Structure formats: C-alpha cells, structure tokens
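For reference, the structure discussed in these notes is given below.
The values are calculated or read from the model by the stated rules, or taken from the named source; none is laboratory data. If you're wondering where the values come from, they're calculated on a predicted model, not measured in any experiment. Neighbour counts run over all protein chains shown; Cβ positions are idealised from the backbone, glycine included.
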Amino acid sequence: MHDDQHHDEKSRDKKHESRANRGGGRGGKKRVILITDGDRVAERAIEMAARKLGLRAISRSGGNPTPISGEEIIDLVKQAPKDPVLVMVDDRGKSRKWKGERALETIAKSDDVEVLGVVAVASHTYDAKGSQVDFSVTADGEVVDAPVDKEGQVDRKHERLKGDTVDVLEDLDVPVIIGEGDPGKQDGADYLSRGAPATLKAIEEILRQNGIEPASLPGRVDPDDVDG
C-alpha cells in the first residue's frame, strides 16, 4: 500500500470514529441525508439507492429547481415511516442562493431533524464559490480526499467542489460532506442500468461516517433485485 493511500484510509477511519460516537436519531428525530441534485435522472438514481438500502426518499423534494420549501420537506421527513431519509435539493444551475440552497439551509438549521451529511453534487457552475468536501466518490467508485467534477473525475484544478447548490454548505454545521459527479450519469458510469453505483456508494459513505453499516440496515435488498 502506498503511503498516501495509507494516510487517506487513516484519515477516513479517524473521521469515522469521531462520527460513529454521535449515534443517530437523537431525541427521536428523523435522520436525513441531503443530495444537492434533483433533476429527473438524479431523482431516479437516488430513489434506486433508497430501495437498495431500505431507506426512504422524499420524492416530492425532487425537481429542477426544488419545488417545495424547506419547511414542507421537514414536514414530509417527519411523516416518513422510517429513516434515514434521502432528500433532494437543486438550484437549477444558478450560482446564487436559490430554492435548493434555501431549502438545504432551512433543513440543516432545523431542530426537528438530524442531518447525517450531504452528498455535494458537482456541476459546470464554475463561477460558484463551491464547497470543501471531506471526501469524494469518483465515477469509478473510489473514495478520494479531493473534489470531483460533474463527470465524477478527480478535479485537480480546484480546491473546492464546484456545484450550483453547494455554496451554502461551508456556512452550515453538517457532520460530513461527500462529493460526487452527476447522479445517474457521469459519462455512463452511474447509469441506472448499472445500478447507479457512485450515487449508492456516496450515500453508503455518509452512513458509515455516522457509524451505520449499510449491510446491517433493515430492509436492505440485494442490489441485483432492484431495477431502474
């Protein structure tokens, strides 16, 4: 094993240990994972990941841009029969704060839910400030200590992940931010016909960082049994 790879794994383990001790669902709150994309393809990839993991996805949060407010999303999360719950937010390519980031901000600051982390989705909105990420999942399924671009390739040109719905993240207190390319796309690597593996892995990584082993989730199904 190379020294830099060993360092990355030690870093991930350290973050995993610190977050595993936090537990989940404190005070009976529903646990939430936010994904900063909501177009139709992303929505289908996220819903597929939810089915594979036995989680819930708030379908009404899907849209480009986000069609409902943060308060409405919180109400839907609280009504979900189980958790963690996957929520989509999307600014539809705008570099300024718009419907998706406003909803994200409202949810992250709410005392009614517990945010486990955010899958920060890269886009071609290069004039955005972007956000630092803890790690990213590449189109090939590697976990790297760097941002990625829209195609899910490691982005060596920028220190921050560039996306249209991520600028607000550095102003929020969220446990972990995982970067990802475009859900359901990434030059075919994350196609639904392939099981949206990068999107699935990004969500699994957030679960692990919170001490939740995906394989132990009740309701998890064999990925081969889930169709797109």
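Here are the numbers for this structure:
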{"quantity": "Subset of the stretch 68-90 that is in contact (Cβ under 8 Å) with a residue 24 or more places away in the chain and of a type in the set (D, E, K, R) - its residue that is surrounded by the most Cβ atoms within 10 Å (Cβ to Cβ)", "calculated": "ASP90"}
{"quantity": "Condition check for ILE107: within 24 Å of GLU204 (Cα to Cα) and without any contact (Cβ under 8 Å) to a residue 40 or more places away in the chain", "calculated": "no"}
{"quantity": "Members of the stretch 213-228 that are assigned to a helix (DSSP H, G or I) and modelled with pLDDT of 85 or more", "calculated": "PRO214, ALA215, SER216"}
{"quantity": "Top-ranked residue in the stretch 53-65 [being in a loop (DSSP other than H, G, I, E, B) and free of Cβ contacts under 8 Å to residues at least 40 places away in the same chain; ranked as surrounded by the most Cβ atoms within 10 Å (Cβ to Cβ)]", "calculated": "GLY62"}
{"quantity": "Every residue from the stretch 19-46 that is modelled with pLDDT under 95, assigned to a helix (DSSP H, G or I) and at negative phi", "calculated": "ARG19, ALA20, ARG26"}
{"quantity": "Whichever residue in the stretch 169-212 is among the polar types (S, T, N, Q) and not in a helix (DSSP H, G or I) and, among such residues, is surrounded by the most Cβ atoms within 10 Å (Cβ to Cβ)", "calculated": "GLN186"}
{"quantity": "Residues satisfying the stated conditions in the stretch 137-182, i.e. in contact with a Pro (Cβ under 6 Å, 6 or more places away or on another chain) and within 25 Å of VAL113 (Cβ to Cβ)", "calculated": "LEU161, GLY179"}
{"quantity": "Scope the stretch 159-199; condition in contact with a Ser or Thr (Cβ under 8 Å, 6 or more places away or on another chain) and at positive phi; matching residues", "calculated": "GLY184"}
{"quantity": "Candidate set from the stretch 66-121 (those that are part of a loop (DSSP other than H, G, I, E, B) and of a type in the set (Val, Ile, Thr)); member that is nearest to ASN210 (Cα to Cα)", "calculated": "VAL89"}
{"quantity": "GLY100 vs. criteria among the small types (Gly, Ala, Ser) and modelled with pLDDT under 95", "calculated": "no"}
{"quantity": "Filtered residues of the stretch 91-145 (kept if in contact with a Gly (Cβ under 6 Å, 6 or more places away or on another chain) and buried (at least 22 other Cβ atoms within 10 Å of the Cβ))", "calculated": "ASP91, ALA103, ILE107, ALA120, VAL121, ALA122, SER123, VAL133, SER136, THR138, ALA139"}
{"quantity": "Candidates ALA49, ALA80, filtered to the one that is over 17 Å from the mean Cα position of the chain (by Cα) and either at pLDDT 95 or above or not aliphatic (A, V, I, L, M) (or both)", "calculated": "ALA80"}
